[in-house]
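S.K.: This is the structure I want to talk about, given as structure tokens.
Readers should treat all values here as calculations from the given coordinates under stated rules, not as data from a laboratory. Since the structure is predicted, the reported quantities are computational estimates derived from the model, not experimental observations. FYI the Cβ positions are ideal-geometry reconstructions off the backbone, even for glycines, and counts take in every protein chain you see.
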Amino acid sequence: MLQQLRPALVSVLVFTILTGLLFPFAITGIAQLVFPKQARGSLMEQNGKVIGSELIGQNFTAPGYFHPRPSAAGSGYDAANSGATNLGPTSDKLINGIHKKLPNGQDDPGNFDGIKDLAAAYRKENGLPDNAPIPADAVTRSASGLDPHISPANAQLQAARVAQARRLSEEQVRRLVMENTEGRQFGFLGEPRVNVLRLNLALDKASPWH
């Protein structure tokens, strides 16, 4: 019995050390050496202070900043509640939203802004005509709720609002959008995109927001 048990226990101990300690430490060491920024969370700093990660979106709302796409993570871009709505494309809730009142006249906590609501708010916020076409990412929530990117088309439609709030020319702001537009990965994967935090940091550098 002991002769059969001993090899099993030794195997568990050896593989625990190999796969649970040595392998993770080796991979962590290689990552820190080859990709130090990514291994530390792709953190971004301003004036020596960490203000976020280029991999996790933030909920900018001030008119002088570019705004991210809508989020279903908690109350919006809550990293502790990452997730999507799980609503299908034909869902009435997704399209029209839910707008109910409680007996006391207050809004029901279960209310939900649908695509039509988000589109109307987006057009109003950015001074667009009621029938102006807008990009899908401006009115749809990402699967994680933490998407740090928006489409270049989305960013360009926000440029006039940001320029007015910052007292910059639209040309300056649009140039910043172009400079912070990332191409397809390896030239063919995904779509061109704009990192909202990186773009807003470039804005602050060009014209500090108060």
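S.K.: Of everything in segment 32-75, what is surrounded by 12 or more Cβ atoms within 10 Å (Cβ to Cβ), part of a loop (DSSP other than H, G, I, E, B), among the small types (G, A, S) and without any contact (Cβ under 8 Å) to a residue 40 or more places away in the chain? Give them in sequence order.
M.R.: If the condition is that a residue be surrounded by 12 or more Cβ atoms within 10 Å (Cβ to Cβ), part of a loop (DSSP other than H, G, I, E, B), among the small types (G, A, S) and without any contact (Cβ under 8 Å) to a residue 40 or more places away in the chain, then G41, S42 are the ones that fit.
S.K.: To continue, here is another question. Going by the conditions given, is V196 touching a residue at least 60 places away in the same chain (Cβ under 8 Å), more than 23 Å from I51 (Cβ to Cβ) and of a type outside the set (D, E, K, R)?
M.R.: Taking the combined requirement at face value, the residue does not satisfy it.
Every residue, every condition in (1) under 30 Å from K93 (Cα atoms); (2) not in a helix (DSSP H, G or I), yes or no:
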| site | (1), (2) |
| --- | --- |
| A121 | yes, no |
| A163 | no, no |
| E191 | yes, yes |
| N200 | no, no |
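S.K.: Identify, by number, the condition in (1) of a type in the set (V, I, T); (2) touching a His at 6+ places or on another chain (Cβ under 9 Å); (3) more than 22 Å from D147 (Cα to Cα) that T61 doesn't meet.
M.R.: Failing condition for T61: (3).
S.K.: Please find, within segment 157-210, the residue that is surrounded by the most Cβ atoms within 10 Å (Cβ to Cβ) out of those that are more than 21 Å from the chain's Cα centre (by Cα) and among the acidic types (D, E).
M.R.: Top of the filtered list is E170.
S.K.: While we're here: Could you please find all residues in segment 127-156 being surrounded by 14 or more Cβ atoms within 10 Å (Cβ to Cβ) and of a type in the set (D, E, K, R)?
M.R.: Just the residues of segment 127-156 that are surrounded by 14 or more Cβ atoms within 10 Å (Cβ to Cβ), to begin with: 128, 134-135, 137-142, 144-156.
Listed by number, the residues that qualify are D137, R141, D147.
S.K.: For I17, work out the one condition from (1) out of contact with any strand residue (DSSP E or B) (no Cβ under 8 Å at 6 or more places or on another chain); (2) of a type outside the set (K, R); (3) within 28 Å of G145 (Cβ to Cβ) it doesn't fulfil.
M.R.: Just one mismatch for I17, condition (3).
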